[in-house]
Amino acid sequence: MNLTVFLGAPGSGKGTQARRLITASSQFLHFSTGDMLRTAISEKKPVGAKARVFMEQGELVPDAIILEMIEETLTPLHRDTRVILDGFPRTLAQATALDLKRTTRVNLCVYFQLPEKSLVSRIAGRITCERCEESYHLQFIPPVRAGICDKCQGTLVQRADDLESVALHRFEIWQEQNEALLKYYNEANRLCEVNADRDPDIIQQYLLNVLGA
Ligand code: AMP
């Protein structure tokens, strides 16, 4: 299996780029742990009930819950599959477990780099499709019709954890964990940084090149 992880702060555009990549190239599968958890909550699955209280407060869901979910997702996949993991790993323990538990280690870590001041405004203006999780930005990436997803016509809402108070806490937690993760992938020469403060089309082209797609 070819595993690529996308690291970056909440709102850095990693989910948007992962969704663009799977549309541009059928070689990839995209798994977002945040999307998986939100689906588990809406489908009233036990894992959703466990995760919900942490998510509502902007806290990380415990590693054991996340690692079990990732194992269940990756284990059935064919060994030639190219996978993009978005929002995982979030902690060093998750990163090392991912490398140790599987026969294939992570091949590449793409880090979406953005200045701090851009991040806060990105999260604050983010609106997300209730149905397909596509995200937009009130100012930078507005939908064609206000409040309606361009892709699936679903309703656009502000995620509860994107409200400013929770979003700031998520950002602090991300900062606490991020350095150790970057160091971990950098030491193994698996880190690639992308300037995420650019036009999404340019970032996409760059990623297609880096991933050889
Ligand atoms: P995201 O959609 O990636 O911003 O994730 C939303 C929320 O889901 C996070 O704030 C966490 O509460 C939880 N979550 C998602 N992925 C992880 C992970 N890898 N480890 C722990 N918690 C996670």
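Which residues make up the longest stretch of the chain that has no trypsin sites (Lys or Arg not before Pro) in a DSSP loop with at most 16 other Cβ atoms within 10 Å?
Values: sites that count: 44, 79, 102, 105, 131, 145, 151, 198.
Segment 152-197 is the longest.
If each residue of separation counts as 0.36 nm, what is the full-extension length gain between residue 208 and residue 92 once their alpha-carbon separation is subtracted?
On the way: separation 116, 0.36 × 116 = 41.76 nm, distance 2.68 nm.
Between residue 208 and residue 92, full extension yields 39.1 nm more.
In the stretch 1-83, Cα pairs under 8 Å separated by at least six residues give a relative contact order of 44 percent.
Each label point was placed 7 Å from the Cα along the Cα-to-Cβ direction; for residue 175 and residue 23 their separation is 3.3 nm.
Where does the charge balance sit around residue 136 when Lys and Arg score +1, Asp and Glu -1, over other residues with C-beta under 9 Å from its C-beta? If you can, show how the numbers build up before the last one.
Values: positive: 126; negative: 134, 150.
So the environment of residue 136 carries a net charge of -1.
Here the accessible area of the stretch 55-213 is 51 percent carbon and sulfur, with a 1.4 angstrom probe and all protein chains present. For the stretch 83-153, the relative contact order comes to 14 percent (Cα pairs under 8 Å, sequence separation of at least 6).
Counting Lys +1, Arg +1, Asp -1, Glu -1, what net charge surrounds residue 28 among other residues with beta carbon under 14 Å of its beta carbon?
Working: positive: 14, 19, 20, 82; negative: 80, 86.
Here the count lands on +2.
As an exercise, use a Förster radius of 25 Å and the Cβ-Cβ distance of residue 130 and residue 68 to find the FRET efficiency, rounded to the nearest 0.05.
Numbers: r = 26 Å, r/R0 = 1.05.
With R0 = 25 Å, the Cβ-Cβ based efficiency is 0.40.
The DSSP beta bridges internal to the chain are antiparallel in roughly 25% of cases. Shape verdict for the chain, please, from the Cα gyration tensor: rounded (a/c under 1.5), prolate (a/b greater than b/c) or oblate. Note, shape of the chain comes out rounded.
Note that the stretch 1-83 shows a convex hull volume over its alpha carbon atoms of 108 Å³ per residue.
Listed by chain and number, the aspartates and glutamates placed with their C-alpha closer than 16 angstrom to that of residue 50 are 35, 59, 63, 68; residues fewer than eight positions away on the same chain are left out.
Sorting 42, 121 by accessible area (1.4 Å probe), largest first, what list results? Let's see the in-between values first.
Details: 42 90, 121 50 Å².
Ranking 42, 121 by accessible area, largest first, yields 42, 121.
Defining a contact as two alpha carbons under 8 Å apart and six or more residues distant in sequence, what relative contact order in percent does the chain show?
Values: 304 pairs, mean separation 64.4, N = 213.
Over the chain, the number comes to 30 percent.
In the chain, the calculated helix contribution to ellipticity at 222 nm averages -14500 deg cm²/dmol per residue, counting -39,500 (n - 2.57) for every DSSP H run with n ≥ 4.
Restrict the search to the stretch 113-213; then list the chymotrypsin sites (Phe, Trp or Tyr not before Pro) that DSSP places in a loop and that have at most 13 other Cβ atoms within 10 Å of their Cβ.
Values: sites: 136, 140, 171, 174, 184, 185, 206; in loops: 140.
Counting only loop positions with at most 13 other Cβ atoms within 10 Å, the chymotrypsin sites (Phe, Trp or Tyr not before Pro) in the stretch 113-213 are 140.
With the simple spin-label model, which puts each label point 7 Å out from Cα in the Cβ direction, the residue 56 to residue 150 separation comes to 3.4 nm.
The values are calculated or read from the model by the stated rules, or taken from the named source; none is laboratory data. Just so we're clear, the structure is a prediction, and the values are computed from it rather than from any experiment. As a convention, Cβ positions derive from the backbone with ideal geometry for all residues, glycine included, and neighbour counts pool all protein chains shown. These accessible areas exclude ligands, DNA and RNA; they are computed on the full protein's heavy atoms, side chains included. Shrake-Rupley method; radii C 1.70, N 1.55, O 1.52, S 1.80 Å.
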